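Undergrad: One structure, as structure tokens, below. Some questions next.
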Amino acid sequence: MSITAPEPKANMGQPIPRYDAAAKVTGKAQYAADVPLVNPAYACLVTSSIAKGRIDGFDMTAAKQVRGVIDIVTHENAEQLKEAKLFSNGGYAGTTIQPLKSADVAHTGQIVAVVVAETFEAAQQAAYAMKVNYTAAMPSATFDSAGTTSAPAKGQLAQFKEDPKVGDFAKAFNDAEIKVSAAYETPPQHHNPMELFATSCVWLGDSLTIYEPSQYVYGLKNGVAEQLGIDADKVRVINAYVGGAFGSKGSMTPRTAIIASIARRLGRPVKLVATRAQGFTIATFRAETRHEIQIGARRDGHLTALRHESWEVSSRPDPYAVGGTKTTTRLYACPNIESRVSIVRADRNTPGFMRSPPEVPYMFALESAMDELAVALNMDPVELRRVNDTAKEPISGKPYTSRSLMACYDQGARAFEWEKRSPQPKSMTEGDWLIGYGCATSCYPTQMAPAAARVRLQRDGRVRVEIAGQEIGNGAYTVIGQAAAEKLGVPVEKVSVFIGDSDLPPAPVAGGSNSTASTCSTVIKVCEQVRQKLFEALTSNESLTNEAKGTVGMGQTPSTPSASNDRPLDLERAFDALGVSVVEEYGEWKPEGAPMDSFQAMYKGQVRMVGGSEMKDKIAYAFGAEFVEVRVNKWTHEIRVPRLVGAFAAGHIMNPRTARSQLMGGLIWGMSSALHEATELDERYARYVNDNLADYLVPVNADVSDVDVILVAEQDDHINPAGVKGIGELGNVGTNAAVCNAIFHATGQRLRKLPVRLEKLEI
Amino acid sequence: MRPFVYQRASDAPSAIQNLATATAANNVLTEASAQPLAGGTTLIDLMKLDVMRPKAVVDINPLAASWSNVSLDDDNLRLGALARMSDVAANPEIQQHYPVIADTLKLAASPQLRNMASLGGNVLQRTRCSYFRDVSYHNCNKRNPGSGCAALEGFNRSHAVLGTSEQCIATYPGDFAQALMALDATVEITGRSGVRKIRFSDLHKRPGESPQAETTLSPGELISAFLIPGPWPRSVYLKVRDRQSYEFALASAAVALDLQDEVMRDARIALGGVAAVPWRAREAEAILKGQKFDDALIDRAADAAFADARPHRHNVFKVALGKRVISRALHQAATMEI
Ligand SMILES: Cc1cc2nc3c(=O)[nH]c(=O)nc-3n(C[C@H](O)[C@H](O)[C@H](O)COP(=O)(O)OP(=O)(O)OC[C@H]3O[C@@H](n4cnc5c(N)ncnc54)[C@H](O)[C@@H]3O)c2cc1C
Ligand code: SF4
């Protein structure tokens, strides 16, 4: 594994180091809970130990006796906050289950009381001393539990528009020369970002400041204002850095308005840092899924029929579904396709986005089935993808704006030395280890959303960019700074970037891998405005050609030969002509095809995402090919992954260094979703058993040896001004299938249920 | 965490005095109202989770000057109870003459934890049973005697198959203890009436009817050292787990062989991850002792080790895995270069 930054290839920016690297590695970066408050009170949550039933009452005697306790808030005395509507239903929340409103308990770990004290220690001690008496009912935990209900996703939630379908699947499958039918299963998972779910609320008069790690400061600001019944302009959300999120901090959780309301009632700042275990139930998670796949193919490998039916678990009140069939039915050429997604309701907290929400579980099913088909055909799995590669998605024939899937396969296969794979399962060994090679396709929709930005250029060439994006570890500061530096032709060291503050111009949620595309496209546009203003000041006495205006730098030599006949823009003179020392522009950008109300929605903290399979006349995805070497110990059945290779094409790469980090983390996460990560349910109680980082397994350094990321050059002029496809959620798609495909190759055993644990191997 | 009094011991008698007087009325050591603090990686962890609620914590680290020595005389190893896991694991003499000890320490926890944790605290670490560690479950006989056992019918993948009872199926999670078991270590205990020595195999109690009583130590008694006869250059520790580091064993075996001309003059096997207490597989040893090293024999020995296994819903695999681990560990020991 190389540790130097990758060299940029065609259509790639410079691999500059992270803007926030020094602050982070020296501990100077201030996360929400690090922000010092004046005279704060500390809150601790008490959460329910039952999943279904009622609270009969509380015994607070011991808790109240703890020295320093200020207040104990329960449904009996809490302020009645306004309803929180789901983000998918015109609201901001990830769940409509609102704690502290009634005695009802809807899921395990629901907030039932908040203890507030002078110190964190006192609050925690009193929280432990709280006795809650329940009347518990028998909960329905998951699939197959008594009392669950199942219904088609279509019609239940706006995001799930259709069950994609084309041709006559039944007939084609019936007639197919080669058939594969198999069922797959993925477990519940929790994001477990390092940074816990923290919230500090500070009131100054009727204005509220919230320090909270959020992937969407505008959404949170508006959502909390709505729940508190105050003007959104009175609420400010600040988080300069988010210590990981992976979707869990994308939508509003009930805790924020509760803490804000308690802070208002006490007339002093209140700070909450929920525990690791509470994070499993006070926010969202990736729900378990089931899949049935049927594929019919000709002997030459061409798909003739594909059916993908899935089931996902959600909570009782909220119809959440990721619905990945919109991707899996469009990935390969196939004339006859059918699909269906159903939601199964159980007594659980409402699930939500988790890194590549649809693709991780759904592509596991499809890419495992493709491998099974390759085996049935006796065909190389890479060749099977080649045979079925397509420039148009098969459901409605829309063209992919660009698609470099096979280039990824070819470059990845070369780096991995795929040709050394002997096709027979169990045919490669070394000492006590069975060796297997596997591969799978990775893909993720390219998405964009409206945003606004403010850019200020000073006479000394210094630039300030303001946009309420979020730094969740994605490198937002860095690429936004690069976008401005490139457009204005100033060195990147002269650019300061301000994000993570809802008082800045709005940007969309840092989710759906839209951030770089949306924020950079917007910043580019506003930088154009700045340049335009300067040029206009000079045009009276300057004779720059239009072409030169498009390429010339500020105080720098023109960058292209066509512009070299023109002189560089003289900043001093432009500012002299304007008679000012600062030019500042505010601008808005929205992607092509964005709905009419996009900008209004943007200011209200609601995202109108455009892209993926949901555009009118085209479809946009980033692609990748992943290769995995697995080793299975003959005796102990331990499974290890010594090598991961991923080749990815995602349009313009702003920064090969940060891009590689994202994709590398993705590959590791993908391996983890095959071998490590799973939230274990105690079905009797519908409770999460391993709700801590010792028992919820994620890979440690020793599990990760060689990870190779190949950035495949690609240019796409049909997506957005930045030419950027999202990569944040690309790397961890398909890896789980590639691992299982490699395990099959190593052992001859097909594993269709994740996670793979050593006891599932019967070799 | 609940408030507690922090006392810093100045010497062994004062530590013992503080521990004994505070807790005279209480017999179950783990519930004693004063607890010694060594590295704190078990104790503080469980206090934060509200599982352990001592009123006083007696910091015994000032005793390190006399209690952290490691010495090897006449082939007998003495390990002070306050020696740090990382120091002992890195000791070249131990690596050479007692590799199984170095391995059990090196393969445990993480570097940060090993730097903090002491050997005495290590053998007294408590089970990782999730229902035990989460006080919102009422039904845990170890925490609330007589309340039932949530793990019996719950998620019990990590639980034990040997030495359990109907009251508790929790696994003893430690690694180092398996080396001590295999090598017939002695524990030196310092108490009010001086020093006593017991076999290490007599330190831990099986859960039986009272899983809350985990050891034969009394309040006010401290482990001061471990004495290990040897050397055992042909010894290994094999630990199998879901990830490659920083995890407790699903199944493990500490094995020591005295092998001469392919004959096992002595064979020692202790098992981790599968039993309620540090576990010596004596039936298996009996089959091997005095015999030539042979695959069929080893399979028989492994079968014997698990003859009494009582698996539950999610840990059935531990029986087959445990046997394979014994077999692999024996092979590794037999073939190691010494
Ligand atoms: C995340 C995590 C992973 C871990 N993984 C592993 C693993 O893989 N393998 C493994 O073996 N262990 C593992 N451990 C356990 C770790 O090794 C123990 O916590 C550690 O060894 C305990 O030593 P300590 O000195 O910190 O004990 P302390 O926490 O100080 O003490 C533990 C207990 O022993 C008592 N005590 C301490 N010293 C003495 C003494 N001299 N005499 C009498 N009583 C005493 C204390 O009162 C306390 O009750 C892990 C721990 C954690 C937190
Ligand atoms: S196995 Fe033991 S520790 Fe775990 S719940 Fe049962 S009684 Fe408690």
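The values are calculated or read from the model by the stated rules, or taken from the named source; none is laboratory data. Keep in mind it's a predicted model, so treat the numbers as computed, not measured. Cβ placement follows ideal geometry from the backbone for every residue including glycine, while neighbour counts extend to all protein chains displayed. Remember, those area values only see protein heavy atoms, side chains included, never the ligands or the DNA or RNA. Shrake-Rupley method; radii C 1.70, N 1.55, O 1.52, S 1.80 Å.
Undergrad: Filter the stretch B:233-251 down to residues that are open to solvent by 30 Å² or more (accessible area, probe 1.4 Å) and more than 14 Å from every other protein chain (Cβ to nearest Cβ), then give me how many there are.
TA: The qualifying residues number 2.
Undergrad: Name every residue in the stretch A:486-534 that is of a type in the set (S, T, N, Q) and open to solvent by 10 Å² or more (accessible area, probe 1.4 Å), in order of residue number.
TA: A:496, A:513, A:515, A:516, A:529, A:532
Undergrad: When you scan the stretch B:300-327, how many residues do you find that are under 13 Å from residue A:758 (Cβ atoms) and assigned to a helix (DSSP H, G or I)?
TA: The total comes to 7.
Undergrad: I would also like to ask the following. Checking the conditions here, which among B:305, B:270 is within 28 Å of residue B:211 (Cα to Cα) and away from ligand 1 (no atom under 16 Å from the Cβ)?
TA: The unique qualifying residue is B:305.
Undergrad: Then there is this: Regarding residue A:326, is this residue open to solvent by 20 Å² or more (accessible area, probe 1.4 Å) and either of a type in the set (A, V, I, L, M) or in contact with a Phe, Trp or Tyr (Cβ under 6 Å, 6 or more places away or on another chain) (or both)?
TA: Criteria not met by residue A:326.
Undergrad: Determine which single condition residue B:293 fails, assuming it passes every other condition in (1) closer than 28 Å to residue B:146 by Cβ; (2) among the aromatic types (Phe, Trp, Tyr); (3) away from chain A (no Cβ under 14 Å).
TA: Result: residue B:293 passes all but (1).
Undergrad: One residue is enough: does the stretch B:60-72 have a residue meeting the conditions within 7 Å of ligand 1 (Cβ to nearest atom) and surrounded by 20 or more Cβ atoms within 10 Å (Cβ to Cβ)?
TA: yes
Undergrad: Still on this structure, I have one more. If you go through the stretch B:189-227, how many residues are without any contact (Cβ under 8 Å) to a residue 60 or more places away in the chain and either on the phi < 0 side of the Ramachandran plot or not in a loop (DSSP other than H, G, I, E, B) (or both)?
TA: 11
Undergrad: Restricting the stretch B:22-41 to residues that are open to solvent by 40 Å² or more (accessible area, probe 1.4 Å) and at pLDDT 95 or above, which is farthest from ligand 2 (Cβ to nearest atom)?
TA: The qualifying residue farthest from ligand 2 (Cβ to nearest atom) is B:36.
Table: residues versus (1) of a type in the set (D, E, K, R); (2) within 14 Å of chain A (Cβ to nearest Cβ).
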{"position": "B:221", "(1), (2)": "yes, no"}
{"position": "B:231", "(1), (2)": "no, no"}
{"position": "B:253", "(1), (2)": "no, yes"}
{"position": "B:267", "(1), (2)": "no, no"}
{"position": "B:304", "(1), (2)": "no, no"}
{"position": "B:307", "(1), (2)": "no, no"}
{"position": "B:337", "(1), (2)": "yes, no"}
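Undergrad: Now for a separate question. Out of (1) away from chain A (no Cβ under 11 Å); (2) surrounded by fewer than 24 Cβ atoms within 10 Å (Cβ to Cβ); (3) within 16 Å of ligand 2 (Cβ to nearest atom), the odd one out for residue B:191 is which?
TA: So residue B:191 meets the others, but not (3).
Undergrad: Here's a follow-up. Which one of B:160, B:179, B:170 is away from ligand 2 (no atom under 16 Å from the Cβ) and either under 17 Å from residue B:272 (Cβ atoms) or in contact with a Gly (Cβ under 9 Å, 6 or more places away or on another chain) (or both)?
TA: When all the criteria are applied, what remains is B:179.
Undergrad: Would you check which residues across the stretch A:236-248 are closer than 16 Å to residue A:201 by Cβ and surrounded by 23 or more Cβ atoms within 10 Å (Cβ to Cβ) and list them?
TA: Of everything in the stretch A:236-248, those that are closer than 16 Å to residue A:201 by Cβ and surrounded by 23 or more Cβ atoms within 10 Å (Cβ to Cβ) turn out to be A:237, A:239.
Undergrad: Please go through the stretch B:162-201 and give me each residue that is near ligand 1 (Cβ under 10 Å from one of its atoms) and of a type in the set (A, V, I, L, M), ordered by number.
TA: Within the stretch B:162-201, B:177, B:187, B:189 meet the criteria.
Undergrad: Also, I was wondering about something else. Confirm whether residue B:15 is crowded, with 19+ Cβ neighbours inside 10 Å and on the phi < 0 side of the Ramachandran plot.
TA: Considered against the rule, which asks whether it is crowded, with 19+ Cβ neighbours inside 10 Å and on the phi < 0 side of the Ramachandran plot, residue B:15 comes out as yes.
Undergrad: Out of curiosity, is residue A:125 in contact (Cβ under 8 Å) with a residue 24 or more places away in the chain and surrounded by fewer than 23 Cβ atoms within 10 Å (Cβ to Cβ)?
TA: Spelling it out, it is not the case that residue A:125 is in contact (Cβ under 8 Å) with a residue 24 or more places away in the chain and surrounded by fewer than 23 Cβ atoms within 10 Å (Cβ to Cβ).
Undergrad: Further question on the same structure: Just to verify a result, which residue in the stretch A:691-700, among those that are open to solvent by 10 Å² or more (accessible area, probe 1.4 Å) and at the interface with chain B (Cβ under 7 Å from one of its Cβ atoms), is farthest from residue A:313 (Cα to Cα)?
TA: So, considering only residues that are open to solvent by 10 Å² or more (accessible area, probe 1.4 Å) and at the interface with chain B (Cβ under 7 Å from one of its Cβ atoms), the one farthest from residue A:313 (Cα to Cα) is A:700.
Undergrad: A further question on this structure: Across the stretch B:47-103, what is the number of residues that are within 16 Å of ligand 2 (Cβ to nearest atom) and either among the aliphatic types (A, V, I, L, M) or free of Cβ contacts under 8 Å to residues at least 60 places away in the same chain (or both)?
TA: So the answer is 3.
Undergrad: Could you name every one of the helices (runs of 4 or more DSSP H) located completely within the stretch B:85-151 that has at least 2 residues being within 14 Å of chain A (Cβ to nearest Cβ) and surrounded by fewer than 23 Cβ atoms within 10 Å (Cβ to Cβ)?
TA: Output list reads B:111-116.
Undergrad: Are any of the residues in the stretch A:409-432 without any contact (Cβ under 8 Å) to a residue 40 or more places away in the chain, closer than 27 Å to residue A:515 by Cα, of a type outside the set (Ser, Thr, Tyr) and out of contact with any Leu (no Cβ under 8 Å at 6 or more places or on another chain)?
TA: No; the residues of the stretch A:409-432 include none that is without any contact (Cβ under 8 Å) to a residue 40 or more places away in the chain, closer than 27 Å to residue A:515 by Cα, of a type outside the set (Ser, Thr, Tyr) and out of contact with any Leu (no Cβ under 8 Å at 6 or more places or on another chain).
Undergrad: Kindly check whether there is at least one residue in the stretch A:564-573 that is open to solvent by less than 50 Å² (accessible area, probe 1.4 Å), modelled with pLDDT of 60 or more and more than 30 Å from residue A:236 (Cβ to Cβ).
TA: Checking the stretch A:564-573: at least one residue is open to solvent by less than 50 Å² (accessible area, probe 1.4 Å), modelled with pLDDT of 60 or more and more than 30 Å from residue A:236 (Cβ to Cβ).
Undergrad: Has the stretch A:309-323 got at least one residue that is outside any loop (DSSP other than H, G, I, E, B), among the charged types (D, E, K, R), open to solvent by 30 Å² or more (accessible area, probe 1.4 Å) and at pLDDT 95 or above?
TA: no
Undergrad: With the requirement that a residue be near ligand 1 (Cβ under 8 Å from one of its atoms) and either closer than 21 Å to residue A:682 by Cβ or among the charged types (D, E, K, R) (or both), what does the stretch B:98-127 give you?
TA: B:114, B:126, listed by residue number.
Undergrad: If you go through the stretch A:602-622 one residue at a time, do you hit one that is closer than 30 Å to residue B:330 by Cα and surrounded by fewer than 20 Cβ atoms within 10 Å (Cβ to Cβ)?
TA: No - not one qualifying residue is present in the stretch A:602-622.
Undergrad: Answer with yes or no whether residue B:263 is closer than 30 Å to residue A:677 by Cα, away from chain A (no Cβ under 14 Å) and either within 16 Å of ligand 2 (Cβ to nearest atom) or at pLDDT 95 or above (or both).
TA: no
Undergrad: Select from the stretch B:309-328 the residues that are open to solvent by less than 50 Å² (accessible area, probe 1.4 Å) and more than 10 Å from chain A (Cβ to nearest Cβ) and write down the one among them that is nearest to residue B:154 (Cα to Cα).
TA: Among residues in the stretch B:309-328 that are open to solvent by less than 50 Å² (accessible area, probe 1.4 Å) and more than 10 Å from chain A (Cβ to nearest Cβ), the one nearest to residue B:154 (Cα to Cα) is B:312.
Undergrad: Next up: Within the stretch A:648-660, does at least one residue satisfy the condition of being within 14 Å of another protein chain (Cβ to nearest Cβ) and either open to solvent by less than 30 Å² (accessible area, probe 1.4 Å) or under 24 Å from the mean Cα position of the chain (by Cα) (or both)?
TA: no
Undergrad: While we're on this one: Please go through (1) buried (at least 19 other Cβ atoms within 10 Å of the Cβ); (2) more than 19 Å from the chain's Cα centre (by Cα); (3) within 14 Å of chain A (Cβ to nearest Cβ) for residue B:284 and return the number of the only condition it doesn't satisfy.
TA: For residue B:284, the exception is condition (3).
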